[in-house]
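Each remark here refers to the structure printed beneath this line.
The values are calculated or read from the model by the stated rules, or taken from the named source; none is laboratory data. For clarity, every value in this text was computed on a predicted model and none was experimentally measured. A quick note on method: Cβ atoms are made from the backbone with ideal geometry, for glycine too, and the neighbour counts reach across all protein chains shown. For the accessible areas, the whole protein counts, side chains as well, though only heavy atoms, and no ligand, DNA or RNA atoms are used. Shrake-Rupley method; radii C 1.70, N 1.55, O 1.52, S 1.80 Å.
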Amino acid sequence: MDKKIRLDKFLADMGLGTRSEVKALVKKGQISVNNAAVRQPELKISPAIDNVCYNGERISYAEFEYYMLNKPAGCVSATEDRMHKTVLDVIQSARKDLFPVGRLDIDTEGLLLLTNDGELAHRLLSPRHHVPKTYYAKIDGLVTSEDCGKFAAGLDIGEKQNTLPAALQVLIAGDVSEITVTITEGKYHQVKRMFEAVGKQVLYLKRLSMGSLSLDKALATGEYRKLTPEEIAELKD
Ligand code: URA
């Protein structure tokens, strides 16, 4: 990639500080480009080619970042919110251009991908691609094989069209049932509304996977890690 960007944007994107903080660093002469000190924050550089150093240390360039978060309840899947903590408040990345790929409800936990790769996000979220998403849930009441049949046939959740077939699997049937369900759409509150359509209520919801990406079992709620190169390649495939 040989797209040129402003030096101050590059430094801010790579986490050296806010745009005004990095401008100050440049003006103080603490930044060099190809071994020459520069004092123009507006200088255009080729991030993948030029050798940019801060106090003599090379700043390596990553165009995109990808994080897997085990989202805790109580934070919203947004980049900004005046009332609540957001998923970006949980991720300690200096990158200012990260965003969550899709939304989980405030009380839903589990797998959330955060990236600045708009093209990948678009592909994963596009309704045309029917990317499967699997959830684990606790349901108030007995989930039956009849319910599984209704999920497989598609349900009326008050939209123009019924939901696409969803694979409902009962793990524990009881007063509180435990299930997994795989859906291939992303309608608002979809899993909760599908259970409402069969007269039941979701008590707890956690996303386990999205496409090829599965939640790392080693991540406790609220923890996150970068995706591995293999995970990124599989998602892009
Ligand atoms: N379905 C829901 O009802 N909520 C979510 O957060 C995700 C899927």
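If DNA, RNA and ligands are ignored and the probe is 1.4 Å, what is the ranking of His122, His189 by accessible area, most exposed first?
Greatest to least solvent exposure: His122, His189.
Please give the residues of region 100-142, grouped as numeric ranges, whose backbone N is less than 20 Å from a label point set 7 Å along the Cα-to-Cβ vector of Arg19.
Residues 116-118 qualify, since their backbone N sits under 20 Å from the label point.
Kirkwood hydrodynamic radius, region 128-189, all distinct C-alpha pairs: what's the number in Å?
12.2
If you take all C-alpha pairs in the chain, what percent of them are over 31 Å apart?
Within the chain, distances greater than 31 Å cover 37 percent of Cα pairs.
Determine ³J(HN,Hα), in whole Hz, for all residues of region 22-36 in sequence, where each value follows from phi through the Karplus function 6.51 cos²θ - 1.76 cosθ + 1.60 and θ = phi - 60°; x replaces Gly and Pro.
6, 4, 4, 4, 5, 5, 7, x, 8, 10, 10, 10, 6, 6, 10
Can you list the lysines whose alpha carbon sits under 26 Å from that of Lys23, skipping same-chain ones fewer than 8 residues off?
Lys3, Lys4, Lys9, Lys44, Lys96
So what is the accessible area of region 40-139 per residue, in Å², with the probe set to 1.4 Å?
Normalised by residue count, the accessible surface of region 40-139 is 50 Å².
Mind checking the dipole of region 1-83: about its Cα centre, +1 per Lys or Arg Cβ, -1 per Asp or Glu Cβ, Debye to the nearest 20?
So the magnitude is around 300 debye.
How many nm is it between the label spots at Ala48 and Lys96, if each spot is 7 Å from the Cα in line with the beta carbon?
Result for the modelled spin labels: 2.4 nm.
Calculated from DSSP H runs of 4 or more alone, at -39500 (n - 2.57) each and per residue, what is the 222 nm mean residue ellipticity of the chain, nearest 500?
Computed mean residue ellipticity for the chain: -6000 deg cm²/dmol.
When the Cα centres of region 90-161 and region 208-225 are compared, how far apart do they sit, in Å?
13
With the dipole of the chain worked out from charges on the C-beta (+1 for Lys and Arg, -1 for Asp and Glu) around the Cα centre, which of Leu11, Ile91, Thr144 lies farthest toward the positive end?
Of the listed residues, the answer is Leu11.
Ignoring ligands, DNA and RNA, what percent of the 1.4 Å accessible area of region 63-161 is carbon and sulfur?
Here carbon and sulfur together make up 49 percent of the probe-accessible area.
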